[in-house]
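Please read the structure below before turning to the comments.
What follows is calculated from the coordinates using simple rules that are stated; it is not laboratory data. As the structure is a computational prediction, the values presented were derived from the model and not from experiment. All Cβ positions, glycine included, derive from the backbone under ideal geometry; neighbour counts span all protein chains shown.
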Amino acid sequence: MLSVLLLVAAQSAFTVTNATYDGPVTRPEEANLVFSDEFNGGALDTGKWAYDTAFNKQGWFNKERQYYSAGRRENLRLENGNLIFSFIASSASSRPRRDATKFR
C-alpha cells in the first residue's frame, strides 16, 4: 500500500523536489524586462519596495495572527545580492493578538 502511495505521489503535478537546473536559460525574443532589483547595498530600496503594515492594529482580512514589521533587520535583510526575509515567533505585548512578525 505504501509503495502505491509513493508511486502516485511521485507522479503528482504537485510533487516538490530539491532538484537544480544548470542548463542554459533563454528568453523569448519578444520578452521585455519590466522590473529589476539586484538587491545591492545595505538596505531595501524603498523607491522600489514598500512595507505593508496598514492593518497591523485592526487585523488582517483573513484573521491571521501575525504582525508585519517594517525595516527590522531580524525580519528582512540584503545579503550577497539576495533578499532574505524571516518569520520570527514572538509574543511581545506591544503587538496584541499577534503571535509572529514577518516581512510582507
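Annotations for the structure displayed:
- Ranking of 38, 64 by count of other Cβ atoms within 10 Å, fewest first: 38, 64
- As a rough footprinting exposure proxy, the listed residues 60, 49 were ranked by other beta carbons within 10 Å of their own, and the order from fewest upward is 49, 60.
- Taking other C-beta atoms within 10 angstrom as a stand-in for reagent exposure, 22, 37 fall in the order 22, 37, fewest first.
- Whole-Hz ³J(HN,Hα) from phi, Karplus 6.51 cos²θ - 1.76 cosθ + 1.60, for the range 55-63, glycine and proline x: 10, 4, 6, 8, x, 8, 5, 9, 6
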